[in-house]
1. Can you confirm whether the stretch 114-125 contains a residue that is over 18 Å from HIS205 (Cα atoms) and free of Cβ contacts under 8 Å to residues at least 40 places away in the same chain?
2. Being modelled with pLDDT of 90 or more, farther than 19 Å from GLU183 by Cα and surrounded by 15 or more Cβ atoms within 10 Å (Cβ to Cβ) is the requirement here; does LEU124 meet it?
3. Based on what the data block shows, is GLN86 surrounded by 11 or more Cβ atoms within 10 Å (Cβ to Cβ), more than 21 Å from GLN204 (Cβ to Cβ) and modelled with pLDDT of 90 or more?
4. Looking for something open to solvent by 30 Å² or more (accessible area, probe 1.4 Å) and touching a residue at least 60 places away in the same chain (Cβ under 8 Å) - is there at least one such residue anywhere in the stretch 91-98?
5. Kindly evaluate VAL91 against the criterion of being modelled with pLDDT of 90 or more and within 18 Å of VAL184 (Cα to Cα).
6. Answer yes if at least one residue in the stretch 140-152 is surrounded by fewer than 12 Cβ atoms within 10 Å (Cβ to Cβ) and over 18 Å from VAL179 (Cα atoms), and no otherwise.
7. Do you know which residues across the stretch 100-118 are aliphatic (A, V, I, L, M) and over 18 Å from TYR172 (Cβ atoms)?
8. Within the stretch 170-187, can you find the residues that are polar (S, T, N, Q) and either open to solvent by less than 10 Å² (accessible area, probe 1.4 Å) or in contact with a helix residue (DSSP H, G or I) (Cβ under 9 Å, 6 or more places away or on another chain) (or both)?
Amino acid sequence: MLQPVIIGCCLTGRCTLARGLQIEDRLLPNLPPKETKMSPSPAAIDRKQPARRGGIVVEMILVLVVLILVTLGIVQFGMFLANAEQVALAVRVGALEASQTPALSWQEGDSVPECVLSAIGHQLESSGIQFCQVRLEHNVHPDRLAVALRSADDGGETPTQSNLNAAPAGSYVRVTVCVPLSEVLPEQLSFLGERIYGASKTYQHSATFRYELDQP
């Protein structure tokens, strides 16, 4: 008696399962069959590696070129700032010497005192820089008139003339030093071998000190 019952239950279960599968097929949309992913073969991987290595080399070269240019630019501009600071220091030394020099000439266009030129040249000598022109202006005059004294002109642009007549009450000396731009700006900043500035261009710096000696 049990065998027919078991067989009947099995048949009933199979019918129920079959009906459930039919209902599920009706409800679910028709999905595309799953594609089987295949791993690339070792030969295909070997063919891709040289192209990848070549791309890495090109990227590295481009990055290195940019880094080298930026580094050189930073170094060269640092040298320019150091040279400009040496010129500024030499100007202050010259102005201090002029403020303590007695009997400054009142004649327009006379030569700058040798002690002032020597002080400026000695300060620039430590950096290997040579000035091309020095201008000394002062109003150490009974009538407080501004007078400009000049050194020998070795070429380059003429220093900008200032007006000490508009200075505050008192006597002042103003020293302006002209240095060829090639002495201050490194040659490495030139573009493709061509200078980015003219040969006659100069770098100028000025300093004004109060005259410390008694006036005549």
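1. Initially, the stretch 114-125 is screened for residues over 18 Å from HIS205 (Cα atoms), giving 114-115.
If we keep only those that are free of Cβ contacts under 8 Å to residues at least 40 places away in the same chain as well, we get 114-115.
Yes, that holds for at least one residue.
2. On the way: modelled with pLDDT of 90 or more: yes; farther than 19 Å from GLU183 by Cα: no; surrounded by 15 or more Cβ atoms within 10 Å (Cβ to Cβ): yes.
No: the conditions fail for LEU124.
3. Working: surrounded by 11 or more Cβ atoms within 10 Å (Cβ to Cβ): yes; more than 21 Å from GLN204 (Cβ to Cβ): no; modelled with pLDDT of 90 or more: yes.
No.
4. So the first thing to find is which residues in the stretch 91-98 are open to solvent by 30 Å² or more (accessible area, probe 1.4 Å), and the list is 92-93, 96-97.
Now drop any that are not touching a residue at least 60 places away in the same chain (Cβ under 8 Å), which leaves 92, 96.
Checked the stretch 91-98: at least one residue is open to solvent by 30 Å² or more (accessible area, probe 1.4 Å) and touching a residue at least 60 places away in the same chain (Cβ under 8 Å).
5. Numbers: modelled with pLDDT of 90 or more: yes; within 18 Å of VAL184 (Cα to Cα): yes.
When the stated conditions are applied, VAL91 passes them.
6. Step one: list which residues in the stretch 140-152 are surrounded by fewer than 12 Cβ atoms within 10 Å (Cβ to Cβ), which gives 142-143, 152.
Next, only the ones that are over 18 Å from VAL179 (Cα atoms) stay: 142-143.
Looking through the stretch 140-152, at least one residue is surrounded by fewer than 12 Cβ atoms within 10 Å (Cβ to Cβ) and over 18 Å from VAL179 (Cα atoms).
7. Initial filter on the stretch 100-118 (aliphatic (A, V, I, L, M)): 103-104, 112, 116-117.
Within the stretch 100-118, just LEU117 meets the criteria.
8. Residues of the stretch 170-187 that are polar (S, T, N, Q), as a first pass: 171, 176, 182.
Within the stretch 170-187, SER171, THR176 meet the criteria.
The values are calculated or read from the model by the stated rules, or taken from the named source; none is laboratory data. Worth saying up front: this structure is predicted, and the values here are computed from it rather than measured. Ideal geometry is used to build each Cβ from the backbone, glycine not excepted, and the neighbour counts take in all protein chains shown. Remember, those area values only see protein heavy atoms, side chains included, never the ligands or the DNA or RNA. Shrake-Rupley method; radii C 1.70, N 1.55, O 1.52, S 1.80 Å.
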